[in-house]
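Quick note: the coordinates plus some simple rules give every number you see, no bench work behind them. Here the structure is a predicted model, which is why all the values come from computation and not from measurement. Because the Cβ atoms are built from the backbone with ideal geometry, glycine has one as well, and the counts that use them run over all protein chains shown.
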Amino acid sequence: QVQLVESGGGLVQTGGSLRLSCAASGSITGIHAMGWYRQAPGKQRELVAGLTSGGSTNYADFVKGRFTISRDNAKNTVYLQMSSLKPEDTAVYYCNMRGTIVLGLQYDTWGQGTQVTVSS
């Protein structure tokens with residue numbers, strides 16, 4: 001019953017910035033963790049940044065110092081601020097959330113993805 005809608009992707013030149021948003025809807029009673037993943041053509045989906053309900057963050061080495069993950073629990077939304085973008089950051093970015101819904105059931109939901117293209 002949980003659905004994620006991603007936005008903020010687009011075309012940007014090398015060195016530019018983008019802010020991705022992922023808003024969740026549904027019978028959410030709790031969020032355990034949020035994360036951003038990406039997948040480039042011919043490559044596996046990989047973790048970009050993760051954020052737990054307690055505020056702990058985890059970043060992939062290739063984005064440390066450039067990307068920042070944050071959340072707004074009241075809006076069930078997670079953000080990814082991306083700076084100093086490189087052509088190799090070009091990929092489809094996916095949002096993931098894990099938590100609980102009504103009746104204490106757990107969910108693990110993915111968004112449909114948003115395209116980020118960095119031109120050289």
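Data table
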quantity	calculated
Other-chain or far-sequence residues with amide H under 5 Å of residue 48's (modelled H)	36, 37, 38
Electrostatic dipole magnitude of the chain [Cβ: Lys, Arg +1; Asp, Glu -1; Cα centre; debye, to 20]	100
Amide H partners (placed H, <5 Å) of residue 100, local residues excluded	29, 30, 31, 32, 107
Cα-based shape type of the stretch 5-56, given that a ≥ b ≥ c are square roots of the gyration tensor eigenvalues and the cut on a/c is 1.5	prolate
Hydrodynamic radius of the chain per Kirkwood, over alpha carbon pairs, in Å	14.4
Cα gyration tensor shape of the stretch 26-96, rounded if a/c is under 1.5, else prolate or oblate by comparing a/b with b/c	prolate
Anchor residue 43: lysines whose Cα lies under 30 Å away (excluding residues fewer than 8 positions away in-chain)	64, 86
Whole-Hz couplings from phi, Karplus 6.51/-1.76/1.60, listed for the stretch 74-82; x for Gly and Pro	4, 9, 6, 10, 10, 10, 9, 8, 10
The stretch 94-109 - phi-based ³J(HN,Hα) in whole Hz, Karplus 6.51/-1.76/1.60, Gly and Pro as x	10, 9, 9, 9, 10, x, 10, 10, 4, 6, x, 6, 9, 10, 8, 10
HN-Hα J in Hz across the stretch 47-59 - Karplus 6.51, -1.76, 1.60, θ = phi - 60°, x for Gly and Pro	6, 9, 7, x, 9, 8, 5, x, x, 6, 10, 9, 10
Other-chain or far-sequence residues with amide H under 5 Å of residue 90's (modelled H)	118
Choice from 102, 92, 63 with maximal GNM fluctuation in the chain (Cα, 10 Å cutoff)	102
